[in-house]
Each structure stands twice: as structure tokens, then as C-alpha cells.
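Working notes for the structure below.
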Amino acid sequence: MRFFPLVLIGLAALTPAWAADAQGDFITTPSGLQYRITKAGQGVQPKPGQVVVAQYTGTLPDGTVFDTSKGRPQPFAFTLGRRQVIQGWDEAFALLHVGDQATLVIPPGLAYGDKVRGKIPAHSTLRFEVELVAVKDRSLADVLRDTIDHHGLMAAQKQYADLKAAAFGDTYVSEGQLNMLGYHYLQRGRLDDAMAVLRWNVELFPESGNVYDSLAEAQVREGNRAEALANYEKSLKLDPTNKNAERMLAAIRATPEGPGALAAMQARMQLEEEFTAFDDALAAGKPASIVALRGKLDAFLKAHPDSADAPGLVRDYFYLVESADLKQASAEWRSFAGSTDPKIKAMAESKLRLAELMEQPMELSFTAVDGRAVDLAQWRGKVVLIDFWATWCGPCLQELPNVKAVYEKYHARGFEIAGISFDQAHDPAHPAKRQRSAEELRAFTVENQMPWPQYYDGLYWQNVYGRKYGIQAIPAMFLLDREGKLVSTNARGPKLEQEVKRLLGL
């Protein structure tokens, strides 16, 4: 599980494939949701608490399909108004009728915001082609959840047996909803509840590879090596394309048999859940303790000093702390600079270069691709964003509308941007989509109305300023105050405008 908005491998650079289409006969709601009925149905309109059954295909602005329900044994189902789906879906399906086919364009604030979700980069506007297939009064997953939460697992077990004996009557049975419920309990440490729900899902949908994959993950958390192996093998047999099952099988087979064999995997999963909770708290503006999170990371590193996951976990921890408190992050970087793990040590030492920028003005000068001379010293007294990006970087392109909006709003009041491009020069021996010349970069910025200067050296990840400032993933957005000192390394989404306004004294 990786949920942080960083890119190590970029997407092909394309302007939004459906941007012009989205300006057509769409209805825009006050929240920013856009929708268009492409085929009208004659059925009922769903009400909060009812089960929506739908087909969908989701695409990114570059046309990439990130998910679809088509070809699956069942349509997708969710309970309206229970926050089982993104906010944009809850709002949109409440406006549709059974039989409606529609196009939805959902802005980041109604989707996943600054979170990465599988193939979906942070700050993504999402497009869905949907069909409202049916509306049901209640689902098995909702019935079981209410019983487990209010009366306990034993009562739910009896209820499940009774419903099954009656062929579930008018209760809608959805593999996807039961899977979501199992993960709901798993992510909250309620292992017995999770195991029961996931086993019911296997019983009801024995031909689905996904149900065995989910049950196996719970069994890893339980420490049951043999059962986890068996269920990942079943999942892969039913669905040979399941990369997660393939990866987990390899990882489990590499662990020794015997008590505690899966301890490191269990501990890593638990720590990642803590990271998720911390990140969610930051996004919601709730208190989040860096000290407590560091304690849990230290406990993992002490118990599993040879874990191959350690550098990645420390990198994720750095990101979280930088997002919460950059000054505290400086102390955290120093504390890891003496690590015996060479990867962690190198990462911390690279980060410490940023600590210097918090105490003294950043120095940077170059000739931009359009011929302009750029020197940060000449921008003292202004607020400056140093945007490390690339035209092939999906999350960078997703962030672009936000960056442009803030620039247009505050440039005249003292806000400047300098782009540092990680685009790679053309290599005839190894051609790739990520390759662009300086002139092609300039043309891209003109086409996409990016008036600020751009540095280009064509060196890809060996970019001179990228190496100097330890950039290991992009976008990296350094925000400098009027004195030229670093105040943020993650000035993305709504945070960019908030910080720019604060630093400009507006």
C-alpha cells in the first residue's frame, strides 16, 4: 500500500483528452460536479440509505482508463449517502433515475483530493461514464454491519444463517460491498469481524479471485501463513492477472515457516495503517502526533532491523512530517542521518540540504528555455514557488490547473514561479515518450498557458538542481518566503493558495 502523492515513474504527457468535451452541455452543481445525461431512463430516483447498482468506466484527463465494472460478474453496488464512495458519486447518483446513462466529471475535491489511489494520481479530476442499473432497499453488507456494530458478531452470524436459509429474500447481495465491509473492520484492527465477513464473501462468491485475495490479506494479519498461501494461490488460479496475489505469494514464500513467520509483514501493514490515519488527520485538520508516529516507526525498525521495507517507510514518514511541520521535519532528518542502513542514511543526508534553505536564502539562477535570465536574488521581496516537475508526470499535470489559478490570482501581488523540468532529452538509441527537447518543452508551456520561466537540462533524474536539492520524486513544490527561505516542500492543492496568501500578508 502506497498512498502518497509522489511519482517515481511518470505518465505520458498529454493535455486533457476530454477537456473541451467537458465544456459542452454539462450541468454544473454548486459543489463543482459536472454531469450530463446521455440516455434518459424511466425508473425511480434513489434515496439515501438505498442501494445503488451501477455500471461505470472511469478515466483520467489523459484518457487512461483507471477502472471499470464492465466484464465483472456483478455491477458495482453502494449504499447512497453512507460515504462508501467518493463524494461526487454520492451527489451524482442522487440526481439520476434507474435507466439513466450519464457522464460525470468530478473535481479533485469531490474525489480523492491530494491522495493517490492506485492508478489515480493526487489532485485528479475524474470522468465516469455510468449507468444506473437498479435501486434496492437494503444490502446484506449494510444489514450485517448494523448488527455487528450494535449487537455483536454472534448475532450477525445467526442473522446471516437465517438470511441465507431464506435465499436472502429482497436483501441485495454484493461481493463488492461485503469486501468493503471486511476491509472496514480490517483497517480498524477488528480482525474477528473482518475474518467473518470475508469468509462469508468466499462462501457466496467462490468463483471470484478477489474474495480469496482479500481473505488471504486478513490471514496475513492473523499470522496464518498456510491459509494465506492457500488463498493467494486460489486467487491467482482464478485470476492469473492478479499482480497483488503474485507479489504476496512471493513475499510469503520467502518467509520461514513456524511461529511469528509473518510478523514483519503484519507489523508493516499495521504501521502503514498508522500512516494512513495520520495523513487523514492532517487532511481533515485534526490533531496528529508526530512523536507518537515516530515511536511506532522506531518500534518497527527495532523489531525488524533488516526489513527491506524500512527505507520506503522512512521516506513515507519524512513526507508526512514535512506536510505537518517542516521545522520538526528538519529534526527528524538529522535523527536518521546516522542510520546504519545506507539508503536511509543517504536519504536523510539529502534531506538535510533542505534544512540549510530554511535558515538562509535559496540561491538559483539559470537561463530559461524562452531565453529569460532567472536569478532568485532578483526576486527577493516576493513569494516564490520552485516547481520540480515534468511533462510526463501525471500528478504534475493534475496539479497544473491549481498552480495556474494561484499564479493568475496572485502574480500581480508578488507571487512568482520557476519551473525545474525533469524532462529527458531525445535519445535516438532509447526513444521514450518522456523525451522532449527544450523547444518542445517551451511549446508545451505556451500551449498550456504556463507563462513562468522553465529550467531545462534534459538530464531526467540527473537534473542538476534535482540532484542538488535531493529530489527523489515529483512533483516537489518548494515555497519560499519574501526572504527567499524555504517554508514548505509540499505546497500542493488548497495549501498552495493558503500559504501564498499568508506569506503575502493578504
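Looking at Leu271, is it of a type in the set (A, V, I, L, M), within 27 Å of Ala228 (Cβ to Cβ) and more than 22 Å from the chain's Cα centre (by Cα)?
no
From (1) at pLDDT 90 or above; (2) over 30 Å from Gly338 (Cα atoms), pick out the condition that doesn't hold for Lys286.
So Lys286 meets the others, but not (1).
Could you check segment 57-105 and list, in sequence order, the residues that are among the hydrophobic types (A, V, I, L, M, F, W, C) and within 16 Å of Lys119 (Cα to Cα)?
Those that are among the hydrophobic types (A, V, I, L, M, F, W, C) and within 16 Å of Lys119 (Cα to Cα): Leu60, Val65, Phe66, Ile86.
What strands (runs of 3 or more DSSP E) lie completely within segment 351-420 and have 1 or more residues being out of contact with any strand residue (DSSP E or B) (no Cβ under 8 Å at 6 or more places or on another chain), among the acidic types (Asp, Glu) and closer than 27 Å to Val314 by Cβ?
No strands (runs of 3 or more DSSP E) qualify here.
Restricting to segment 95-119, what's the tally of residues that are within 18 Å of the chain's Cα centre (by Cα), part of a strand (DSSP E or B) and surrounded by fewer than 21 Cβ atoms within 10 Å (Cβ to Cβ)?
Residues flagged as within 18 Å of the chain's Cα centre (by Cα), part of a strand (DSSP E or B) and surrounded by fewer than 21 Cβ atoms within 10 Å (Cβ to Cβ) within segment 95-119 amount to 1.
Can you tell me which residues in segment 448-477 are part of a loop (DSSP other than H, G, I, E, B), crowded, with 22+ Cβ neighbours inside 10 Å and at pLDDT 90 or above?
Residues satisfying the conditions are Tyr456, Asn463.
Just checking, does segment 49-67 include any residue being acidic (Asp, Glu) and free of Cβ contacts under 8 Å to residues at least 24 places away in the same chain?
The answer is no, given that none of the residues of segment 49-67 is acidic (Asp, Glu) and free of Cβ contacts under 8 Å to residues at least 24 places away in the same chain.
Residue check, Ala281 against (1) in contact (Cβ under 8 Å) with a residue 60 or more places away in the chain; (2) farther than 23 Å from Asp213 by Cα, all met but one. Which one?
In the conditions (1) in contact (Cβ under 8 Å) with a residue 60 or more places away in the chain; (2) farther than 23 Å from Asp213 by Cα, Ala281 misses (1) alone.
Counting just the residues of segment 478-506 that are at pLDDT 90 or above and in a strand (DSSP E or B), which one comes out surrounded by the most Cβ atoms within 10 Å (Cβ to Cβ)?
Result: Leu480.
Regarding Thr276, is this residue farther than 20 Å from Gln472 by Cβ, outside any helix (DSSP H, G or I) and not aliphatic (A, V, I, L, M)?
Taking the combined requirement at face value, the residue does not satisfy it.
Tell me which residues, restricted to segment 159-190, are among the hydrophobic types (A, V, I, L, M, F, W, C) and modelled with pLDDT under 90.
Result: Leu186, single match.
For every residue, the table says whether it meets (1) part of a loop (DSSP other than H, G, I, E, B); (2) closer than 16 Å to Ile344 by Cβ; (3) assigned by TED's automatic domain parsing to the domain that holds Tyr183.
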| position | (1), (2), (3) |
| --- | --- |
| Tyr232 | no, no, yes |
| Pro240 | yes, no, yes |
| Glu272 | no, no, no |
| Arg294 | no, yes, no |
| Asp298 | no, yes, no |
| Ser307 | yes, yes, no |
| Asp316 | no, yes, no |
| Leu320 | no, yes, no |
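All but one of (1) exposed (fewer than 14 other Cβ atoms within 10 Å of the Cβ); (2) of a type outside the set (Val, Ile, Thr); (3) at pLDDT 85 or above hold for Tyr232, so report the exception by its number.
Only one criterion is unmet by Tyr232, namely (1).
Take Thr340 and decide whether it is β-branched (Val, Ile, Thr) and closer than 20 Å to Gln187 by Cβ.
No.
Can you say whether Gly182 is touching a strand residue (DSSP E or B) at 6+ places or on another chain (Cβ under 7 Å), in a helix (DSSP H, G or I) and closer than 23 Å to Val51 by Cβ, as far as the supplied structure shows?
When the stated conditions are applied, Gly182 does not pass them.
State whether the residues of segment 208-225 include one that is of a type outside the set (Val, Ile, Thr) and over 29 Å from Leu140 (Cβ atoms).
yes
Could you identify the single residue in Thr59, Thr64 that is β-branched (Val, Ile, Thr) and touching a helix residue (DSSP H, G or I) at 6+ places or on another chain (Cβ under 9 Å)?
Checking each option against the conditions leaves just Thr64.
For segment 150-170, check the following and say yes or no: at least one residue is more than 24 Å from Leu249 (Cα to Cα), under 29 Å from the mean Cα position of the chain (by Cα) and touching a residue at least 40 places away in the same chain (Cβ under 8 Å).
Checked segment 150-170: no residue is more than 24 Å from Leu249 (Cα to Cα), under 29 Å from the mean Cα position of the chain (by Cα) and touching a residue at least 40 places away in the same chain (Cβ under 8 Å).
If I filter segment 34-79 down to residues being outside any strand (DSSP E or B) and β-branched (Val, Ile, Thr), which single residue comes out as farthest from Ile106 (Cα to Cα)?
Ranking the candidates gives Val44 first.
Yes or no: segment 10-24 includes at least one residue that is modelled with pLDDT of 80 or more, aliphatic (A, V, I, L, M), surrounded by 14 or more Cβ atoms within 10 Å (Cβ to Cβ) and closer than 30 Å to Tyr317 by Cα.
no
Got a sec? Which of Leu376, Leu397 is touching a Leu at 6+ places or on another chain (Cβ under 6 Å) and aliphatic (A, V, I, L, M)?
After ruling out the rest, the residue left standing is Leu376.
The values are calculated or read from the model by the stated rules, or taken from the named source; none is laboratory data. Keep in mind it's a predicted model, so treat the numbers as computed, not measured. A quick note on method: Cβ atoms are made from the backbone with ideal geometry, for glycine too, and the neighbour counts reach across all protein chains shown.
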